[in-house]
Amino acid sequence: MPKKPLIIIPPKNQIAPSEITSESTYLNRRQLMTSLLGGALIGGPLISHAAPSQLTDENPGGPAWLKEKLLAAKPAQPTSESITPYNHVTQYNNFYEFGTAKTDPAKTAHRLKPDPWRVSINGAVDKPGQYFLDDLLKGIDFEERIYRLRCVEAWSMVIPWVGFSLSEILKKAQPNSSAKYVAFTTLLDKEQMPEQGNRLSTINWPYQEGLRIDEAMHPLCILAVGLYGKVLPNQNGAPLRLVVPWKYGFKSIKSIVAITLMEKQPITSWNVLAPKEYGFFANVNPQVDHPRWSQAKERRLPNSLLKPNIVPTQIYNGYGEEVASLYGSLDLKKHF
Ligand code: MTE
C-alpha cells in the first residue's frame, strides 16, 4: 500500500489491443450462452466461456473439477457498466507477496502452487476442519457476480468474478454463539511468495484481514474462485480469495488458507501497519478522505492521459441499498 498514493497511469501501448477481451465481446458471449440454454444454468463440457483462440494464452491452468464447476456457473445479470478488460484485471494488481509494482504479480505469481490447496476453518465453530479445496466446495454451486472493485488508492475496475457467498462455507462450519468476527489468513510460504522473504518488507506476513460476522454473512460478500468465467489467475489470488464489494480492495484478501471465527476483532495487516490510514471497516466512502488524499473520485481502468476516466466515488461503492443497514448509526468518520 502506498506511502504516497500510487496513481500510476499505464503507458498507452502497455497492452496490445488484440489481447484485450472487451466488455462487448464478453457480454455477447454470455448472452449467447444464456440464450442457447434458455437462461438456464450453463453446463456441459462443450460450452466454453472463452473463444478457442483465447484458451491457450489466456486461460490459466487449474484442476479439471474446478474448470467443470466454473462452466456450470450461473451467469450474472447483465450490467450497463463497462467491464474492465481481462488483461487490465490480470496485469494491474496489488499482491505484495509478489512485489510492490502493479505489474509484479503477473510476472512472478507463477511461483504460487494453487493445486492442491488446503483451507482450514477453525475457532468459534462447532465443526472445525481442514479441507482440500475440492472437498470444501463440494455441493456449492458457483455463480457469476459483476462487481465494482474500488482500491483505497483511488483507482477502480468492474470485474466479473465467479464464486459463491462466503456464508455458505461459514454455515457448513456451524459458527457458535461466540463467533462475532471472521479472520482470514493468506498462505505463508516464502518459496512461493518471494516478498515474504524480503527483510525490508514492511508487512508482517502472512497478510491478514477480517470482517464482522454480519458483514461476512451478507449475501454480497463472496469467495471468488474465477474471473471472466475462467480459473482465478494466481495474481488475482488463486485459488480462493475474498471479495467484499462495498469495502476498499485491501479487505479482499487473496490466496486464503485459514478462516477463523473469533469473539474479538481480529488483527488486520494494513491496520497494524498504519492504523490512522487504514481502518478495520474500510467501507468505501467519498466523504471520508484518506489522510493523504481525497476519496471523492476514482480513476476507472482502463484509462489514459487523454481519457483519464475519472468518476465520482459512491458511498459503499454503490452498494448502499444492500449494505447500509449493517452500519445503522455507526459514526463512519470514526470507524473508517
Ligand atoms: N491479498 C494479499 N494476500 N496480499 C495483498 O497484497 N492486496 C489487496 C487485496 N488483497 C493484497 C490482497 C489490495 S490493496 C487490493 S486493492 C486488492 O487485493 C487488489 O486485487 P486485484 O489485484 O485482484 O485487483
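Restrict the check to the stretch 146-161 and report whether at least one residue is over 20 Å from Lys264 (Cα atoms), of a type in the set (Asp, Glu) and within 13 Å of the ligand (Cβ to nearest atom).
Taking the stretch 146-161 as the starting set, the residues that turn out to be over 20 Å from Lys264 (Cα atoms) are 146-161.
Subset that is of a type in the set (Asp, Glu): 153.
Pick out the ones that are also within 13 Å of the ligand (Cβ to nearest atom) and you get 153.
Within the stretch 146-161, one or more residues are over 20 Å from Lys264 (Cα atoms), of a type in the set (Asp, Glu) and within 13 Å of the ligand (Cβ to nearest atom).
Can you name the strands (runs of 3 or more DSSP E) wholly within the stretch 64-157 that have at least 3 residues being surrounded by fewer than 19 Cβ atoms within 10 Å (Cβ to Cβ) and either in contact with a strand residue (DSSP E or B) (Cβ under 8 Å, 6 or more places away or on another chain) or among the charged types (D, E, K, R) (or both)? It would help to see each step written out before you state the result.
On the way: elements: 118-123, 129-132, 143-150.
So the answer is 118-123, 129-132.
Looking only at strands (runs of 3 or more DSSP E) that lie completely in the stretch 188-295, which have at least 2 residues being more than 9 Å from the ligand (Cβ to nearest atom) and in contact (Cβ under 8 Å) with a residue 12 or more places away in the chain?
Details: elements: 208-212, 222-227, 241-243, 256-262.
The qualifying strands (runs of 3 or more DSSP E) are 208-212, 222-227, 256-262.
Take Val311 and decide whether it is away from the ligand (no atom under 13 Å from the Cβ), assigned to a helix (DSSP H, G or I), touching a residue at least 60 places away in the same chain (Cβ under 8 Å) and not aromatic (Phe, Trp, Tyr).
Values: away from the ligand (no atom under 13 Å from the Cβ): yes; assigned to a helix (DSSP H, G or I): no; touching a residue at least 60 places away in the same chain (Cβ under 8 Å): yes; not aromatic (Phe, Trp, Tyr): yes.
It is false that Val311 is away from the ligand (no atom under 13 Å from the Cβ), assigned to a helix (DSSP H, G or I), touching a residue at least 60 places away in the same chain (Cβ under 8 Å) and not aromatic (Phe, Trp, Tyr).
Taking only pairs six or more apart or across chains, which ones have beta-carbon atoms under 6 Å, a first residue in the stretch 133-162 that is under 16 Å from Asn236 (Cβ atoms), and a second residue that is at pLDDT below 95?
That search, which allows pairs on different chains as well, returns Ile146/Thr79; Val158/Glu81.
Let's see how each residue does on (1) in contact with a Pro (Cβ under 8 Å, 6 or more places away or on another chain); (2) buried (at least 19 other Cβ atoms within 10 Å of the Cβ); (3) at pLDDT 95 or above:
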site: Lys247; (1), (2), (3): no, yes, yes
site: Ser252; (1), (2), (3): no, yes, yes
site: Lys264; (1), (2), (3): no, no, yes
site: Val284; (1), (2), (3): no, yes, yes
site: Val288; (1), (2), (3): no, no, yes
site: Trp293; (1), (2), (3): yes, no, yes
site: Arg300; (1), (2), (3): no, yes, yes
site: Asn303; (1), (2), (3): no, no, yes
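With the requirement that a residue be away from the ligand (no atom under 16 Å from the Cβ), at pLDDT 95 or above and closer than 26 Å to Gln192 by Cβ, what does the stretch 45-97 give you?
Once the filter is applied, which keeps residues that are away from the ligand (no atom under 16 Å from the Cβ), at pLDDT 95 or above and closer than 26 Å to Gln192 by Cβ, the stretch 45-97 yields Pro63, Ala64, Trp65, Leu66, Lys67, Glu68, Lys69, Leu70.
The values are calculated or read from the model by the stated rules, or taken from the named source; none is laboratory data. Only a predicted model underlies this, so the values are computations on that prediction, with no experimental measurement involved. Because the Cβ atoms are built from the backbone with ideal geometry, glycine has one as well, and the counts that use them run over all protein chains shown.
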